[in-house]
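Before any comments, here is the structure.
The values are calculated or read from the model by the stated rules, or taken from the named source; none is laboratory data. These numbers come from a predicted model, not from an experiment. For neighbour counting, all protein chains shown are included, and Cβ atoms are generated from backbone atoms with ideal geometry for every residue, glycine included. Note: areas computed on protein heavy atoms with side chains; ligands, DNA, RNA excluded. Shrake-Rupley method; radii C 1.70, N 1.55, O 1.52, S 1.80 Å.
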Amino acid sequence: MNKALVLFSGGQDSTTCLMWALEKFDEVYTVGFEYGQKHSIEMECRQKILQSIESIKPNWQNKLKLDHIFNLDFLSNVNTTSLTHNVEISHHDKYPNTFVPGRNLIFLNVASTIAYKYDIEHLVTGVCETDFSGYPDCRDNTIKALQVTLSLGLDKKIVIDTPLMWINKSETWELTNELAGQHGIDYIIKETHTCYNGDRSTLYTWGYGCNECPACELRKKGYLDFSGI
Ligand code: ZN
């Protein structure tokens, strides 16, 4: 059986990855993480998405299997970042303070334990190098090295799929269009959450958000580039 485990947060990128996995695999498992993120509203979005995404396409139906949620609150106790604390988003250091050190590394390690339990070969994650922040744990070399480490450490073949690694935000919208057409685009706009401030009070053409934070800016620019507006 062709199985994948998607690291799924309820955001645009991981929802696109979930669509990608539903298109390519027979069984799709999901895992999400609570790490003290301020935009915990994404966890509510993710539950709604898990209940409805299979209905987008006939060939996606009955593919979703178990969902897991892990509490990794300790991440917010170690470093003060603007994703986990009420501090302004800024860029004083090498990376913006939206960088949560170790986050994606730990996510993939935890995910690998589920992959082992259910004999899943593929981990799917929405990290990408074209992200404006250049987070070091999103780089292709980091992921490739981790893939080797996990495969050796578990004595089991683990492949980490990164469908978004080399594409920009506009091309992420295009990928959704290829996978699920306008229905998929509308679904991403209305159901996914990206805004760092957790704002879902206003629906813009590109989705809900505060329209000001870097995540909203990126999502908006990608949509406008994609739609040619
Ligand atoms: Zn925002």
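Within region 174-225, restricting attention to residues that are among the small types (Gly, Ala, Ser) and within 16 Å of residue 48 (Cβ to Cβ), the residue that is most open to solvent (accessible area, probe 1.4 Å) is 198. Among residues of region 204-214 being within 17 Å of the chain's Cα centre (by Cα) and touching a residue at least 24 places away in the same chain (Cβ under 8 Å), the one that is farthest from the ligand (Cβ to nearest atom) is 207. I need the full set of residues from region 177-201 which are in contact (Cβ under 8 Å) with a residue 24 or more places away in the chain, away from the ligand (no atom under 15 Å from the Cβ) and under 14 Å from residue 10 (Cβ atoms), in order please. Within region 177-201, 187, 188, 191 qualify. Go through (1) more than 16 Å from the ligand (Cβ to nearest atom); (2) at pLDDT 95 or above; (3) more than 30 Å from residue 2 (Cβ to Cβ); (4) not hydroxyl-bearing (Ser, Thr, Tyr) one by one and return the number of the condition residue 220 breaks. Among (1) more than 16 Å from the ligand (Cβ to nearest atom); (2) at pLDDT 95 or above; (3) more than 30 Å from residue 2 (Cβ to Cβ); (4) not hydroxyl-bearing (Ser, Thr, Tyr), the lone unmet condition for residue 220 is (1).
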